[in-house]
Amino acid sequence: MRSVRWSSVGTVVGATVIALLMLVLVVRGRVWAWIPLAIAAGVAVREVRFLQRSGRASEVGFDERRRGRAE
């Protein structure tokens, strides 16, 4: 079983909260809030993808070894 990267989970939660707050401001007519909304959403998506990739097995079982790996 793999351990959870709590710093990444915290980053996802924090970025999601900021994105939601900025979305509320955008809906209320604050045009400037689009920029932090886009940045926070991008950070959240990047961290979610990182967490998904880190949960996968490194070797997928193909016959050939990866390039650059010592045997």
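The values are calculated or read from the model by the stated rules, or taken from the named source; none is laboratory data. All figures in this text were calculated on a predicted structure; none of them were measured in a lab. Using ideal geometry, Cβ is built from the backbone for each residue, glycine included, and neighbour counts are taken over all protein chains shown.
The table below gives the values:
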{"item": "Where Leu20 falls short, out of the listed (1) at pLDDT below 95; (2) outside any loop (DSSP other than H, G, I, E, B); (3) among the hydrophobic types (A, V, I, L, M, F, W, C)", "result": "(1)"}
{"item": "Hits in the stretch 35-61 (condition: at pLDDT below 90 and not hydroxyl-bearing (Ser, Thr, Tyr))", "result": "Phe50, Leu51, Gln52, Arg53, Gly55, Arg56, Ala57, Glu59, Val60, Gly61"}
{"item": "Per-region count, the stretch 1-35, residues touching a helix residue (DSSP H, G or I) at 6+ places or on another chain (Cβ under 7 Å) and farther than 27 Å from Ser54 by Cα", "result": "6"}
